[in-house]
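Q: I'd like to ask you about the structure that follows.
Bear in mind these aren't lab numbers, they're just calculated from the coordinates by the rules spelled out. All of these numbers come straight from a predicted model, not from anything done at the bench. Positions of Cβ are generated from backbone atoms using ideal geometry, with glycine treated the same way; all protein chains shown enter the neighbour counts.
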């Protein structure tokens, strides 16, 4: 499982011109599911996302996690994160989970996140989404399990 996290001042996801999820300061998580992933990898990534220390403390050092910083979490599915791009000029998605497996793990991840964290918002799996954000820093990290 791969998660691209971005520290944001605000982020929003729209589907068909309607907002389906938005946060003020916090983390935008773009979530990619690979065929090898399972509940254990989802739980491990969620723990990492919620506890990754990329927010500034009183001394200006990256030392606080999203919970300690009082931020929100916006989770958006993005299958292109699992693409193989090391050869050729067209991405391969052979490592990606099937749509059914990916949706089940995405839903599992979002439900587990809701049970552990608030405020939380999410996109719509497999929808054509428009994501807008203001990256704070910019600060962006790729997390993998």
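Q: Rounded to the nearest 500, what is the chain's calculated 222 nm mean residue ellipticity when only DSSP H runs of at least 4 contribute -39500 (n - 2.57) each, over all residues?
A: -7000 deg cm²/dmol
Q: With the chain treated as a Gaussian network of Cα nodes joined by springs under 10 Å, which of 46, 89, 74 yields the largest mean-square fluctuation?
A: Looking only at 46, 89, 74, the largest GNM fluctuation is found for 89.
Q: Then there is this: Hey, fewest Cβ within 10 Å first, where do 136, 107 land in order?
A: Working: 136 18, 107 14.
Ascending Cβ contact count within 10 Å gives the list 107, 136.
Q: Could you put 39, 10 in order, starting from the residue whose Cβ has the fewest other Cβ atoms within 10 Å?
A: Placing the least packed residue first, the sequence is 39, 10.
Q: Let me ask you something else. Counting DSSP beta bridges with both partners in the chain, what percentage is antiparallel, nearest 5?
A: Approximately 75 percent, going by the DSSP bridge assignments.
Q: Relative to the longest principal Cα axis of the chain, at what angle does helix 99-116 sit, 0 to 90 degrees, rounded to 10?
A: 20
Q: While we're looking at this one, here's another question. Just 104, 11, 113 to compare: in a GNM of the chain, with alpha carbon springs under 10 Å, which one fluctuates most?
A: Most flexible of the set in this elastic network: 104.
Q: Assuming 0.692 mPa s and 37 °C, estimate D for the chain with Stokes-Einstein, Rh taken as the Kirkwood radius over Cα pairs, in µm²/s.
A: Rounded, D is 212 µm²/s.
Q: Next up: Could you give the nm distance between label points at residue 95 and residue 36, where each point is 7 Å from its Cα heading toward the beta carbon?
A: According to this spin-label approximation, the distance is 0.8 nm.
Q: Just rank 129, 142, 62, 1, fewest to most, by other beta-carbon atoms within 10 angstrom.
A: 142, 62, 129, 1
Q: Moving on. Going by Cα centres, the range 1-49 and the range 101-145 are how many Å apart?
A: If we compute the Cα centre of each part, the gap is 2 Å.
Q: Compute a Gaussian network model of the chain, connecting alpha carbons closer than 10 Å, and tell me which residue from 126, 16, 35 fluctuates the most.
A: 16
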